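Enquirer: Below: one structure in structure tokens.
We did not get these values from a lab; they are worked out from the coordinates using the rules stated. What you are looking at is a predicted structure, and each value in this text was computed from that prediction instead of being measured. No Cβ is skipped: glycine too gets one built from the backbone with ideal geometry, and neighbour counts run over all protein chains shown.
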Amino acid sequence: MVTIDDIKLNLECSDVYAQKLIEYAQGDQDKLEDIYFQKLAERRVREAVVEYGTYKKST
């Protein structure tokens, strides 16, 4: 069983995002587990943001 605390802890997300995942599942625990594990796997393979070029602060 996936809880809101599990979602927040493992996905490192906000209360609102965790609640949206739960609402998306519409009370279906299997659907919630599917989306939870999908997001967890996505997080493991997604690369971090890479910035190219230089940043100049305007004064």
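Enquirer: For the stretch 24-48, which positions are within 13 Å of residue 2 (Cα to Cα) and among the acidic types (Asp, Glu)?
Expert: Matches in the stretch 24-48: 28, 30, 33, 34.
Enquirer: Let me ask something else about it. Look at residue 58 and say whether it is surrounded by 10 or more Cβ atoms within 10 Å (Cβ to Cβ), at negative phi, out of contact with any strand residue (DSSP E or B) (no Cβ under 7 Å at 6 or more places or on another chain) and of a type in the set (Gly, Ala, Ser).
Expert: When the stated conditions are applied, residue 58 does not pass them.
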